[in-house]
Amino acid sequence: MKQIWQSDRVHEIKRVNARFLGIGAAIPDKVVTNLDLESMVDTSDEWIRSRTGITERRVVSDDSSTSDLGTEACLAAISSAGIDPEEIDLIIACTSSPDMIFPSTACMIQGKLGIPSCAAFDVMAVCTGFIYALSVADAMIRTDRYRKVLVVGADAFSKLIDWTDRNTCILFGDGAGAAVLEPSDDGGGILNSYLKADGSGWDQLYVPAGGTAMPASADTVQNKMHSVRMRGAEVFKFAVRAIPEACTEVLRGTGHSLDDVDFIIPHQANQRIITSAAKKLRFPIEKMPSNLDRFGNTSTASIPILLDEMWRSGALQSGQLLITVGFGSGLTWGANLIRWNGPKFVGGDIN
Ligand code: UT7
C-alpha cells in the first residue's frame, strides 16, 4: 500500500510558507456620518464616538454588492503584485454578507475578474474571516499546488443592517481588502496561525432568517429577521478575552515574544475593545493601529483595509513582525504571525 501511495504522489510537499506579493482595498464613496444617524435613530454623535471611536462609515450604492467591492479590491491587489489576473490559481473569499447563499462570493469575484479557470471558494468565519483565509491560503501554498493565491475580505453590512436598530446600525460599514500571496523565498511571510471557534456562542451575533433554519417568508420580512442581531455587551467581553489569547497563542513555540512584535493589527470593531486588549497584553496602544473612526466595523475587510493603508503610508517595513488578530460571530477568533516581506510601495492612494 505504502509503495502505491508513494508512486502515485505527484507533488512533493515543500512546506514553503506564503508571503504577501500584493495588497489592495476598495472603499465606497458614500459617507454616512454619526450626524446622519442622529436623524435616523435615537442616538448622538457624542455617544457613538465615546462608546466606539467611530465618526463615520462608508456604504455601497443600492446597485452594488459585496462581490463588486471585492472585485475592486482584488484588482488593486493584483495591480500592486505586478501580475496578470490569469496567473491567479486560487481565490479564497471571506465575507459575512455574501451576494447570495450560493454560489460562493469567490466565484462571483472570479467571474467579474474574468479569470477563466482557477479554483475559488469561500471561507466563512464572519469577522475572523480574513485570519482564517490567510491561514488556509498559507496551507494551500505549503502543499506546492498553488503559487498565486488571491485572498479577499469583502463586506456590505449596510445591506444586512436594520437601519432603525441603534444597537447595530451605528457600528458597521462597507469595504473590501485583498492580498495576493505566493511562496516565500526567504522564510518570511506567514510564520504561524492560531484559529479557534466556540459554536455554543452562535446566538451572540447572527442573522436569523434566510437560511434553512428559518427560510424567507412574509413573516420573516415583516419581523426584520433578515437583519443582524447582536448582544453587544457579550460580544465586547468575549473580544477583550479573545484578542490577548490569540496574540499569545500565535507566538507560542515560534521563538518570538510580544516584545519582538512591531504591530498588532486588530479587527476594527470598537476602539474601546482595542484599548482594553492592549492594556491586558501590556502592549503599547501606539503599535495597535486603528482606522475605525473613518470606516466603522467593515467585518472581514477591516484587517486588509488597515494593512493596505499601513502599506501605502510606508508604515510597513521589510523585516517587521506583525500579528493580525480577529474575532467575530460563530464565535470565532484567531491570529496570524507575519514577518513582513511584502511588496515595495511604489505610490498611489487608497480611493
Ligand atoms: O465584529 C464584531 C462585531 N460586534 C462587536 O464588536 C460589538 C461589541 N460590542 C460593542 O461594541 C458595544 O457593546 C456597543 C457599542 C454595541 C454598545 O456599547 P455598550 O457600552 O456595551 O452599551 P450597552 O449595550 O451596555 O448600552 C448602554 C446604554 C443602554 O441604555 P440604558 O439601558 O443604560 O439606558 C443602551 O440602550 O446605551 C444605550 N444605547 C445607545 N444609546 C445611544 C445602545 N445603543 C445606543 C446608541 N445610542 N446607538
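The values are calculated or read from the model by the stated rules, or taken from the named source; none is laboratory data. Since this is a predicted model, take the numbers as computed values, not measurements. With ideal geometry, Cβ positions are generated from the backbone for all residues, glycine too; neighbour counts draw on all protein chains shown.
Within region 270-278, does at least one residue satisfy the condition of being of a type in the set (S, T, N, Q), surrounded by fewer than 23 Cβ atoms within 10 Å (Cβ to Cβ) and touching a Ser or Thr at 6+ places or on another chain (Cβ under 8 Å)? Don't jump to the end; show me each part of the working.
Of all residues in region 270-278, those of a type in the set (S, T, N, Q) come to 270-271, 275-276.
Narrowing further to those that are surrounded by fewer than 23 Cβ atoms within 10 Å (Cβ to Cβ): 271, 275-276.
With the extra rule that they be touching a Ser or Thr at 6+ places or on another chain (Cβ under 8 Å), the set shrinks to 271.
For region 270-278, residues of a type in the set (S, T, N, Q), surrounded by fewer than 23 Cβ atoms within 10 Å (Cβ to Cβ) and touching a Ser or Thr at 6+ places or on another chain (Cβ under 8 Å): present.
Before we move on, is residue 61 among the hydroxyl-bearing types (Ser, Thr, Tyr), touching a strand residue (DSSP E or B) at 6+ places or on another chain (Cβ under 7 Å) and in a helix (DSSP H, G or I)?
no
Which residue pairs have Cβ atoms closer than 9 Å, lie 6 or more positions apart in sequence or on different chains, and pair a first residue in region 261-289 that is at positive phi with a second residue that is surrounded by 15 or more Cβ atoms within 10 Å (Cβ to Cβ)?
Here the result reads 282/258, each pair linking region 261-289 to a residue that is surrounded by 15 or more Cβ atoms within 10 Å (Cβ to Cβ).
Conditions (1) over 23 Å from residue 333 (Cα atoms); (2) surrounded by fewer than 21 Cβ atoms within 10 Å (Cβ to Cβ); (3) of a type outside the set (Phe, Trp, Tyr), marked per residue:
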| position | (1), (2), (3) |
| --- | --- |
| 150 | no, no, yes |
| 155 | no, no, yes |
| 163 | yes, yes, no |
| 167 | no, yes, yes |
| 173 | no, no, yes |
| 187 | yes, yes, yes |
| 200 | no, yes, yes |
| 217 | yes, yes, yes |
| 221 | yes, yes, yes |
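Residues of region 123-158 being away from the ligand (no atom under 16 Å from the Cβ) and of a type in the set (Phe, Trp, Tyr), which ones?
146
Within region 58-85, can you find the residues that are crowded, with 20+ Cβ neighbours inside 10 Å and of a type in the set (D, E, K, R)?
58, 68, 72 - these are the residues of region 58-85 that are crowded, with 20+ Cβ neighbours inside 10 Å and of a type in the set (D, E, K, R).
Inspect region 99-122 for any residue being at pLDDT 95 or above, within 16 Å of the ligand (Cβ to nearest atom) and of a type outside the set (D, E, K, R) and give the result as yes or no.
For region 99-122, residues at pLDDT 95 or above, within 16 Å of the ligand (Cβ to nearest atom) and of a type outside the set (D, E, K, R): absent.
State whether one or more residues within region 213-224 are assigned to a helix (DSSP H, G or I), away from the ligand (no atom under 16 Å from the Cβ) and in contact with a helix residue (DSSP H, G or I) (Cβ under 9 Å, 6 or more places away or on another chain). Give the steps one after another, and end with the answer.
If we filter region 213-224 for residues that are assigned to a helix (DSSP H, G or I), which is where we start, we get 218-222.
With away from the ligand (no atom under 16 Å from the Cβ) added as a condition, the list becomes 218-222.
Okay, now just the ones that are also in contact with a helix residue (DSSP H, G or I) (Cβ under 9 Å, 6 or more places away or on another chain), so none.
No, every residue in region 213-224 fails to be assigned to a helix (DSSP H, G or I), away from the ligand (no atom under 16 Å from the Cβ) and in contact with a helix residue (DSSP H, G or I) (Cβ under 9 Å, 6 or more places away or on another chain).
Within region 27-44, which residues are free of Cβ contacts under 8 Å to residues at least 12 places away in the same chain and either near the ligand (Cβ under 10 Å from one of its atoms) or of a type in the set (A, V, I, L, M, F, W, C) (or both)?
35, 38, 44
One line per residue, one yes/no per condition, for (1) more than 16 Å from the chain's Cα centre (by Cα); (2) polar (S, T, N, Q); (3) within 30 Å of residue 32 (Cβ to Cβ); (4) away from the ligand (no atom under 16 Å from the Cβ):
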| residue | (1), (2), (3), (4) |
| --- | --- |
| 238 | yes, no, yes, no |
| 250 | yes, no, no, yes |
| 283 | yes, no, no, yes |
| 327 | no, no, yes, no |
| 330 | no, no, yes, no |
| 340 | yes, no, no, yes |
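What single numbered condition from (1) closer than 18 Å to residue 96 by Cα; (2) modelled with pLDDT under 95 fails to hold for residue 188?
(1)
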